[in-house]
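Engineer: This is the structure, below, for whatever I ask next.
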Amino acid sequence: MTSLRFGAATLGLLLAGSAAVAMPAAAQTAFTTLDRTAKAEVEFSSPERGKPVLAGSEVAVSGENFRPNQQVALLYGAAQLPGGSFTADAEGKIAGRIAVPANAVSGTHPILVVAQAPYYATVAELKVSPTIPLSGQTGYEVRQAHPVRGLYQSAYSAKTNAVFLTSAIGRPPVHQSELVKLDADSMKVLARATPGQAPERAGGAPRPAAARPANAAAAAAPQGPGVYAVYGVAVDDARGNVWVTNTRQNTVAVYRQSDLGLVKQFEPGAVGHPRDVAVDAPLGKAYVTAVGAPEVYVFDTAGLTANKAIPVKSAGRGKEFSGASLSLDQAAHKLYVVGLSTGEVAVIDTRTDAVEKVFAVPGIRSAIGVSHDPLTGRIFVVGQGSDNLVVLDGASGAVIADTPIGAGALNVVFDPVKRRAYVSNRGAGTIAVADADGKLVANLGPAPMANHVALGKGGVVYAVDKSAGALDADSDTVLRIRPR
């Protein structure tokens, strides 16, 4: 776990903005003029939108809800940051830039924000992401395809040797979305389908309490006219289908693998804000996570019906589990679910749909991606908020490795053939590769907005890169990564 001990002399932050003034040492007497209603807050970000804060880079400072003309200081521990003094403007806002030194330690640093006359203090978090150069690229053959804009996820079918891609562009109401089928070897488009029109208002028929989303209000919220945009994706090779999540309409849908014809569109409200889907084909079950809900939802892949919801209770006192990514060990019938809000991993037996274990993941923030090693049972978790890969012992939950892996680590998949874990780092714009012990062995790129990784055959990995938002309109890319 990254240490947060960082001396003021080492930190050496230098203000580059014009809103700074020196704060008098005795600006306020202790324990007087306390601001009991203050709601002021400060945020740090890269001046370049979508980029991480790195050692040696500038940081944009913005704050609001201060008192007009109030003096504000930024401190690290008991020491004020060099240049870290501001005077709020007439609207109670502060703005400027500071610089992170080249030797800054990566991690989330607590910065004390102190406002004077009246007195108020809060803590703002400044995350410095790891700087990891590209490496090991000669060990991999990387091919690219540009099948569609708005790429989100991919899934591989071993039965048909095809890759299925979801895409959606924009915020609700979404009008552009496609499900695309590629030949896994040539990357040639074999079929594509546009989802049907969605109703203007989402909100399905009432369901049993056990199957009702915890965020039912979101599931019933109004939606503008658009299409059933597709996001999460998984294959059912036993029945020749593809399952997708319709996140904006709070539901799921099923398409044929052969021609991408629609098999069934579930009614809006079936699952509140669904994210990922995984299919245990031998057992005839599809599992769906609902962001913001402490349940995993189960569907019958034969009857194409909603089955039940599996409650997942956080092991942390006063916390509520919220599922994000899924990883399925189909042979062992084990489903791994990462908890976005709690930094945990739940292990579900798909034969009984019982939660067997819930492990805390030390050192993780905004845990979002999960995978597993079917040979050893190890669990791989990545944190978007902590830029790291944590490897857990699958039996005890003990930490085997905690590796800085890249800014905005979003998704991970483990290849049991080559014994490698692939991580899509959306902030860093890379696909990092680690061994089974969590040691970084390669860092591939550039992939400016790497969003998702999926395992194919023989150690091949498919990575989705949403670069259209960062580069140009035609640059959304699927990378076919094959170890040499």
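Yes/no matrix, rows are residues, columns are (1) at pLDDT below 95; (2) farther than 19 Å from Leu392 by Cβ; (3) in contact with a Ser or Thr (Cβ under 9 Å, 6 or more places away or on another chain); (4) surrounded by 21 or more Cβ atoms within 10 Å (Cβ to Cβ):
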position: Thr247; (1), (2), (3), (4): no, yes, no, yes
position: Thr251; (1), (2), (3), (4): no, yes, yes, yes
position: Leu262; (1), (2), (3), (4): no, yes, no, no
position: Gln265; (1), (2), (3), (4): no, yes, yes, no
position: Ala270; (1), (2), (3), (4): no, yes, yes, yes
position: Val288; (1), (2), (3), (4): no, yes, yes, yes
position: Tyr297; (1), (2), (3), (4): no, yes, yes, yes
position: Ser327; (1), (2), (3), (4): no, no, yes, yes
position: Val338; (1), (2), (3), (4): no, no, yes, yes
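Engineer: For the list (1) surrounded by 22 or more Cβ atoms within 10 Å (Cβ to Cβ); (2) more than 23 Å from Arg484 (Cα to Cα); (3) among the hydroxyl-bearing types (Ser, Thr, Tyr), I need the number of the one condition that Thr122 fails.
Structural biologist: (1)
Engineer: Identify all residues within region 97-139 that are small (Gly, Ala, Ser) and either farther than 21 Å from Gly77 by Cα or assigned to a loop (DSSP other than H, G, I, E, B) (or both); write none if there are none.
Structural biologist: Listed by number, the residues that qualify are Ala102, Ala104, Ser106, Ala117, Ser135, Gly136, Gly139.
Engineer: A further question on this structure: When region 139-197 is examined, which residues are found to be among the hydroxyl-bearing types (Ser, Thr, Tyr), over 20 Å from Ala238 (Cα atoms) and in contact with a Phe, Trp or Tyr (Cβ under 9 Å, 6 or more places away or on another chain)?
Structural biologist: If the condition is that a residue be among the hydroxyl-bearing types (Ser, Thr, Tyr), over 20 Å from Ala238 (Cα atoms) and in contact with a Phe, Trp or Tyr (Cβ under 9 Å, 6 or more places away or on another chain), then Tyr152, Thr166, Ser167, Ser177 are the ones that fit.
Engineer: Here is a follow-up. Between residues in region 272-285 that are without any contact (Cβ under 8 Å) to a residue 60 or more places away in the chain and under 16 Å from Val370 (Cα atoms) and residues that are part of a strand (DSSP E or B) and among the aromatic types (Phe, Trp, Tyr), which pairs lie under 8 Å by C-beta distance while being six or more apart or on different chains?
Structural biologist: Note: pairs meeting the criteria are Val277/Trp243; Val277/Tyr287; Ala278/Tyr287; Val279/Trp243; Val279/Tyr287.
Engineer: Can you tell me which condition Gly92 does not meet? The list is (1) assigned to a strand (DSSP E or B); (2) at positive phi, and all the others hold.
Structural biologist: With (1) assigned to a strand (DSSP E or B); (2) at positive phi applied to Gly92, the lone miss is (1).
Engineer: Got a number for residues in region 170-210 being among the charged types (D, E, K, R), at pLDDT below 80 and open to solvent by 80 Å² or more (accessible area, probe 1.4 Å)?
Structural biologist: Of the residues in that region, 1 qualify.
Engineer: Pairs, please: C-beta under 8 Å, at least 6 apart or cross-chain, first residue among the basic types (Lys, Arg) and in region 314-341, second assigned to a loop (DSSP other than H, G, I, E, B)?
Structural biologist: Going by the 8 Å Cβ cut-off, the qualifying pairs are Lys319/Ser341; Lys319/Thr342; Lys334/Thr350.
Engineer: Let me ask something additional. Looking only at residues that are open to solvent by less than 60 Å² (accessible area, probe 1.4 Å) and closer than 21 Å to Arg36 by Cα in region 87-110, which one is nearest to the chain's Cα centre (by Cα)?
Structural biologist: The selected residue is Ile94.
Engineer: For region 464-473, state whether one or more residues are modelled with pLDDT of 95 or more and under 19 Å from Ala184 (Cα atoms).
Structural biologist: Yes - at least one qualifying residue is present in region 464-473.
Engineer: Can you tell me how many residues in region 323-340 are of a type outside the set (A, V, I, L, M) and more than 16 Å from Leu410 (Cβ to Cβ)?
Structural biologist: The qualifying residues number 5.
Engineer: For Ala442, only one of the following conditions fails: (1) of a type in the set (Gly, Ala, Ser); (2) in a loop (DSSP other than H, G, I, E, B); (3) surrounded by fewer than 24 Cβ atoms within 10 Å (Cβ to Cβ). What is its number?
Structural biologist: Evaluating Ala442 over (1) of a type in the set (Gly, Ala, Ser); (2) in a loop (DSSP other than H, G, I, E, B); (3) surrounded by fewer than 24 Cβ atoms within 10 Å (Cβ to Cβ) leaves (2) as the failure.
Engineer: Against the condition more than 30 Å from the chain's Cα centre (by Cα), more than 18 Å from Leu54 (Cα to Cα) and at pLDDT below 95, how does Ala79 come out, does it pass?
Structural biologist: yes
Engineer: Restricting to region 448-463, give me the number of residues that are closer than 17 Å to Pro147 by Cβ and of a type in the set (Gly, Ala, Ser).
Structural biologist: The qualifying residues number 4.
The values are calculated or read from the model by the stated rules, or taken from the named source; none is laboratory data. These numbers come from a predicted model, not from an experiment. For neighbour counting, all protein chains shown are included, and Cβ atoms are generated from backbone atoms with ideal geometry for every residue, glycine included. Note: areas computed on protein heavy atoms with side chains; ligands, DNA, RNA excluded. Shrake-Rupley method; radii C 1.70, N 1.55, O 1.52, S 1.80 Å.
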